[in-house]
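The next block holds one structure in the form of structure tokens; read it before the comments.
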Amino acid sequence: MQFVIPLSKKGDPLFRQVYRGLRQAILSGTFRARDRLPSTRDLAEKLSISRAVVLLAYEQLVAEGFAASRGGSGTYVSEGLARGRAKKLENSASLKLSPYGTAAAEVAATVDFPGRRSVPLRYDFAYGGRGDVENFPFEMWRRILLRHARKAPVHQLDYGEAAGSFALREAISIHVRRSRAVLCDPSHVIVVNGSQQALDLVARVLIERGDPVAIEDPQYQGAREVLRAAGACLHPVPVDRDGLNPGQLPKDACVAFVTPSHQFPTGAILPLARRLAVLDWARSRNAVVVEDDYDGEFRYEGQPLESLQGLDNEGRVIYIGTFSRTVFSALRIGYLIAPKSLVPAFTSAKWLCDRHTATLEQETLAEFISTGMYERHLRGLRRRNTARREALLSSIQKYLGERVEVTGDGSGTHIVLWPRKRVLEDTIVAHAAALGVGIYGISRYFLTRPSRPGLMLGYSRMNESRIREGIRLLGEVL
Ligand SMILES: Cc1ncc(COP(=O)(O)O)c(C=O)c1O
């Protein structure tokens, strides 16, 4: 029988390569049950390797039951090893999915998993989960992380608390009380793997398949995808210049997802009267409001509006925050601040999902916050974002003028340009990309048909001169 095993000098030891070649040949039916394998001497000669190597491979096959040695007569493929058992990478039986699995698979078809552009854009107005990583004090961060890694007491390397390390929960609660007027203490805080996990936990803990759920339209696709996978019945609530219109909240929804400090994606800031109306709606329906405060640290003009959670005196608001934009998104640390009555269910859900968030990173972040380094870094971020926003708005004024309307510039780290003339979003995005300018169409964030095209531009990752040049080029496109 013509039988060859391709061998390579690099990689695995030779005996393993021989073993694997024979194993594959048995599983694929090249050698069938009771067939005699080539003699070790013949195979060694054929492969130009030492017989000892082949012997080792045969020993392994015998030990694992693929073959049996029959005294002096040779080695034979074991009984019961039918042909065609080899696993091919492309083999995939049609397995039954749960309702969640079916919905998740459907969502996957529409999800933008992160990938690299084949040609990076020179002026990329990227937004969403992307902070100013270039200016993050990584040296400092590494030093703290290394110290915790070296000196972590044994108990810290064991399973930790499901809700997160106490030091981090305390640091988070002090920070959000001060900076976002969130009413909480460490016992309300659950540390999660990014706010995406918080959204997922909300769906697990509060939503049954078919439950009516209110969601802003347009909305954050990360929330929409989680809710779709959970089988929620989505009720889009229209958003205008002032954000979500509370008068249009559905009568029967049990949960509403909102982004009041910088509506995602339009950037509208929900005025106080509307915030109170949202809370009234929740009270009258015994509903829960989920406040996703993804960008709440950046506010540029007017009275700072504090969190919706801080206005809630009944314990109906779940507040979600993230370090993705202020530290870096690969850290995967966010927090969910729950009303007291919901803390046990959320803590247990987190434990059931993944036990808890990685301890060393939590301890590092806790120290970064409690020693004031986070606050200092935030001040730098705010300063840079202010300068970048000014450069963006002034160059829009200069190069685009009356051709566009701007929204979302009062807070956050991205704006939306609404061209006044009828244009096709995709065409503009493609033309801009051809000039090296990354801008992003807003229509994918709508559940209903958008009334006009819009373009999203993030400004937290580019310096002022790049921003100006990017907008100048965009002026050519528009
Ligand atoms: C509205 C909104 N919520 C939350 C997040 C952050 O998600 P995470 O904390 O999981 O990185 C983003 C990031 O893009 C966002 O745009």
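The values are calculated or read from the model by the stated rules, or taken from the named source; none is laboratory data. Just so we're clear, the structure is a prediction, and the values are computed from it rather than from any experiment. Every residue, glycine as well, gets a Cβ built from its backbone with ideal geometry; the counts of neighbours run over all protein chains shown. Surface accessibility is based on the protein's heavy atoms, side chains included, excluding ligands, DNA and RNA. Shrake-Rupley method; radii C 1.70, N 1.55, O 1.52, S 1.80 Å.
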Please work out if Glu367 is among the acidic types (Asp, Glu), open to solvent by 20 Å² or more (accessible area, probe 1.4 Å), out of contact with any strand residue (DSSP E or B) (no Cβ under 7 Å at 6 or more places or on another chain) and within 14 Å of the ligand (Cβ to nearest atom). no
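The rows are residues; the columns are (1) under 21 Å from Gln309 (Cβ atoms); (2) open to solvent by 30 Å² or more (accessible area, probe 1.4 Å); (3) of a type in the set (Phe, Trp, Tyr); (4) more than 16 Å from the ligand (Cβ to nearest atom).
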| position | (1), (2), (3), (4) |
| --- | --- |
| Val202 | yes, no, no, no |
| Asp240 | no, yes, no, yes |
| Cys254 | yes, yes, no, yes |
| Phe257 | yes, no, yes, no |
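Please give the helices (runs of 4 or more DSSP H) falling wholly within region 134-214 in which 2 or more residues are touching a strand residue (DSSP E or B) at 6+ places or on another chain (Cβ under 6 Å).
166-180, 194-206
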Residues in region 259-276: is at least one within 16 Å of the ligand (Cβ to nearest atom), in contact with a helix residue (DSSP H, G or I) (Cβ under 6 Å, 6 or more places away or on another chain) and over 16 Å from Ile318 (Cβ atoms)? yes
Could you tell me which numbered condition His175 fails, if it satisfies all but one of (1) away from the ligand (no atom under 12 Å from the Cβ); (2) of a type outside the set (Gly, Ala, Ser); (3) open to solvent by 40 Å² or more (accessible area, probe 1.4 Å)? (3)
Which strands (runs of 3 or more DSSP E) sit wholly inside region 282-368 and have at least 3 residues that are of a type outside the set (A, V, I, L, M)? 317-322
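To keep it simple, each residue is scored yes or no on (1) in the same structural domain as Val191 (by TED's automatic domain parsing); (2) open to solvent by 20 Å² or more (accessible area, probe 1.4 Å); (3) out of contact with any strand residue (DSSP E or B) (no Cβ under 7 Å at 6 or more places or on another chain).
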site: Val327; (1), (2), (3): yes, no, yes
site: Ala345; (1), (2), (3): yes, yes, yes
site: Ala349; (1), (2), (3): yes, no, yes
site: Thr357; (1), (2), (3): yes, no, no
Qualifying positions in region 3-55 - surrounded by fewer than 17 Cβ atoms within 10 Å (Cβ to Cβ), of a type outside the set (Lys, Arg) and within 42 Å of the chain's Cα centre (by Cα): Pro6, Leu7, Ser8, Gly11, Asp12, Pro13, Gln24, Ser28
Return only the number of the condition from (1) touching a residue at least 12 places away in the same chain (Cβ under 8 Å); (2) away from the ligand (no atom under 16 Å from the Cβ) that Val189 does not satisfy. (2)
